Every structure is written in C-alpha cells, then in structure tokens.
Amino acid sequence: MKIIAARLIVCSPDRNFVTLKIETDEGIYGLGDGTLNGRELAVASYLSEHILPCLIGRDPFQTEDIWQYLYRGAYWRRGPVTMAAIGAVDVALWDIKGKALNTPVYNLLGGKSRNGVLVYTHANGRDIPEALDSVRKHMDEGYLAVRAQSGVPGVASSYGVPKAGKPYEPAERCLPSESLWSTEKYLNFVPTLFEKLRVELGPDVHLLHDVHHRLTPIEAGRLGKALEPYHLFWMEDPTPAELQEGFEVIRRHTTTPIAVGEVFNSIWDAHDLVRHQWIDYLRMAIVHGGGITPLKKTADFAALYHVRTGFHGATDLSPVTMAAALHLGLAVHNFGIQEHMPHSALTDEVFPHNYTFDAGYMYPGSAPGLGVDIDEKLAAKYPYQRAYLPIARKLDGTLTDW
Ligand code: EZ4
Ligand code: CO
C-alpha cells in the first residue's frame, strides 16, 4: 500500500479545526487532527509546505519509521506546531492501518483492557449555586466524574466561567480578550466551593478542578492541602510546568492528586515529573504530543512510576483526536480518566463518528480504524475564522498565565 495524496481541510463549524486526509492507492484513507487552538494556520502551513510532499509514495503501515523521519529527520524538534503536525500524520496512518486490517485501532495497541473509558466533563458556574447546579445536571446525564469551575468573587471573567446561557468555549473570534486574575481571592474562595459541593453531592462523585497554571508551587501546595477534606480526583495544572522540579514543592505539602500536561509536546516535558513521581496523571493531548505512536510509549513509561493517563479532551481537540484518545485509553493498562468536553452539534455533524457515551463511560465503537469521518461538503460551508484564546492580567495590570 502506498500514500498517493495528502491534503488539509481547514474549517470552522463553531470553532476552527485543521484536519489531514491521507489517501492510499487502495482507496483507503485516514484522518488526522492538527488543530492548535489560536495558532491553527501555523500547523496547516507546516504540514502543507514541509511535510505533505515527503509523504507521497510511502508505505502507510510504517508508522514508526515515518514518525522518526518527521521528528528526527527534520533536525528541528519538538514544540507545539511541529508536534501537532507530526501528530496529524501519525493518527491518520493508524486510521489507515486499522481500516486496511479491518479492525478498530485499539486492537493494534494491545486490545481492550477494560469495557469502557471513564470520562469527566466540565461544570461551570458564575458562582457556587450555579456551579452546583451544573455538576448536578451532568450527574443526571450519567457522568460519574465532573470538573467544577466557578467565578471567583471580585475577579471578573476568570477561567472556565461561561457567558450567560452559552456553553463555555475559551477561544473567541476576536483579538485576545483580557481576563483578570487575583491569586489571593482565588485561594480563599476555591475551598469554599468544594466544601459546598461535597456537602450537597456526597462522597461518591469524582470531583476535579483545573487551576490552569495560575499558582506558584507553594501556593498550589496550600490549595491542595486545603482541598484534601473534599478528596478531589485531581487538581489540574496547578503551576506552569516548564520548571518540572516545582512539582516537588507541591508534593511535599499535599496528598491531593496532581494532573498536568495539556500543553506538553513530548515525554521530555514530563520526564522528571514522571520519574520522580511528582504527578499522578499525565494529560498530553494525542495531537499535541505527536500522535498515537509516542503517546503509547509515554503511557508505558509512565506506568512504571504509577502515573496514569488523563488525556486532554477539550473542544479544540477535534473528534478525530477524541477517537484516538478513546482507542488508546481503552488499550493501555494505566488508563486513568479521559476528559470529555462535548463538541457542538454542528461540529459533530461535520465529523460523523462511532464513539458513544453511556452512564459515565465512553466507547470508541468497533468500526475499523478510528471510526471518525469528515463531511467535506458541509465543512466547506464553514471556512476558517481567526480566533484567539484570552490572556490574563493581575489586578494591577501585570500579564500572567492564562
Ligand atoms: O484551556 O483546551 O482542561 N482543559 C483546558 C482547556 C484549555 C483549552 C486550550 O486550548 O484547560 O479548556
Ligand atoms: Co486544563
């Protein structure tokens, strides 16, 4: 089998997606996701200008060699643009492999290690009563695990707070909007949110929380300690992770489990975090980590240190990435949990898929390959629109981590 064509579909059915379609001489094609929120066209151009011409004529079964060719062979390595581009190719090749062998991709990764993939979804509120209602609503839908975010009194437009009546979607089709941040107000507030949630909801529901890189390690230690009575499933991205040893400081102060990695691109971003057991869950997205090939190795490495998976699954990861995460999550032994921030109805229509949700778990389906397609005619009606993530400033105007 040979690759005869590779092209991009850049569309915006409610939000932007960069999708790679690789076609073979046997009529089988595969899809890969190369979406990098707010920087979509950089990946599209990396693919179309630099990668796609090198794929023609290659054997799509050679996922390992093609991955090394694009990573090692480029001389320049890592970074979100490069790795999302390589990830798009890798995932499309696994999709082709599954279709050619007439089996779902999870069967090529070790087969089913469990019946279904435990997922968590997002509850958002402008205040505690709204956040509580939102968690309850998702529990009624069947979710067993819910991430809870709430507006912080005195902090306008903090992370995870929806505009009235709309589902939360951080990227906006305008220049970066500015949100405000106060660590002091946040740290005083968050324990009161989780106290209320535990009192009202009882001990069984898994509660998660995303700090979104906003604290220093010692501040994160304080928060983790304050949250211990409410036994969170995890505290996510407590501090920016460029300084991996920062997590040692957090660990010294709290037993609240820690998840990190949605902005990582490589095991080398997490190597110290994992081998020192400073974290509990690794959250790299399949697309931004360079595809299924490196993520399978990363998961196996993490397993040696009792670190489990918690792959990123926000709406900026396309249904193709969602499916890839479900196949890998079903197969690896050290699966932890999968994020599920459902796509809009229009996005789901553009990307028809086999995966399903039932009673707290997701199932990738048994279609050959990844089980996701793209309706190119419909996609063409929704062209790319420039969009950005917000930025954040402290109350005195200092730019801080969003
Ligand atoms: O801000 O995906 O856990 N989920 C998140 C997301 C990220 C966006 C960035 O593109 O933190 O909401
Ligand atoms: Co996050």
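The values are calculated or read from the model by the stated rules, or taken from the named source; none is laboratory data. Since the structure is predicted, the reported quantities are computational estimates derived from the model, not experimental observations. For neighbour counting, all protein chains shown are included, and Cβ atoms are generated from backbone atoms with ideal geometry for every residue, glycine included. Quick note on the areas: whole protein, heavy atoms, side chains included, nothing else; ligands and nucleic acids left out. Shrake-Rupley method; radii C 1.70, N 1.55, O 1.52, S 1.80 Å.
Just to be sure I understand the model, the point goes 7 Å from the Cα along the line to the Cβ. What's the resulting residue 169 to residue 50 distance in nm?
It works out to 3.0 nm between the two label points.
Output the 0 to 90 degree angle, nearest 10, between the alpha-carbon long axis of helix 319-331 and the longest principal axis computed from the alpha carbons of the chain.
Once rounded, the angle reads 80 degrees.
Once each part is reduced to its C-alpha centroid, what is the distance from segment 144-216 to segment 261-317 in angstrom?
Computed from Cα coordinates, the inter-centre distance equals 24 Å.
Cα axis of helix 183-201 to longest principal axis of the chain: angle in degrees, 0 to 90, nearest 10?
90
Which of 208, 274, 218 sits closest to the plus end of the dipole of segment 200-279, meaning its Cα is farthest towards the positive end, when Lys and Arg get +1 and Asp and Glu get -1 on the C-beta?
In segment 200-279, that residue is 218.
Take residue 385, project a point 7 Å from its Cα along the Cβ direction, then tell me which residues of segment 147-170 have their backbone nitrogen under 20 Å from it.
Under 20 Å, as judged by backbone N against the label point of residue 385, lie 162-170 of segment 147-170.
Would you mind working out the magnitude of the charge dipole of segment 3-104 relative to its Cα centre, with +1 at each Lys and Arg C-beta and -1 at each Asp and Glu C-beta, to the nearest 20 Debye?
About 300 debye.
Rounded to the nearest angstrom and ordered from largest down, what semi-axes does the equivalent ellipsoid of the chain get from its C-alpha gyration tensor (root of 5λ)?
34, 22, 21
When only alpha-carbon atoms are used, what values of Rg and Dmax, in angstrom, describe segment 3-104?
13.0, 36
Compute the convex hull volume of the Cα atoms of segment 221-289, divide it by the residue count, and report the result per residue in Å³ as a whole number.
71
Measure off, as a whole percent, the carbon and sulfur share of the 1.4 Å-probe accessible area of segment 108-366, all protein chains present.
Result for segment 108-366: 54 percent of the exposed heavy-atom area is carbon or sulfur.
Using 1/(1 + (r/R0)^6) with R0 = 51 angstrom and r between the beta carbons of residue 64 and residue 218, what's the FRET efficiency to the nearest 0.05?
The value I calculate is 0.75.
How many nm separate the modelled label positions at residue 344 and residue 401, each set 7 Å beyond the Cα in the direction of the Cβ?
Those two pseudo-labels are separated by 3.0 nm.
May I ask you to list the trypsin sites (Lys or Arg not before Pro) in segment 318-402 that are in a DSSP loop and have at most 10 other Cβ atoms within 10 Å of their Cβ?
none
State, to one decimal in nm, how far the label point of residue 306 lies from the label point of residue 103, with both points 7 Å from Cα in the Cβ direction.
Placing both labels 7 Å along Cα→Cβ, they lie 3.4 nm apart.
State which entries of 137/185; 296/394; 21/112; 196/296; 297/381 exceed 29 angstrom in Cα-Cα distance in the structure shown.
The pairs that break the limit, which is 29 Å between Cα atoms, are 296/394; 196/296; 297/381.
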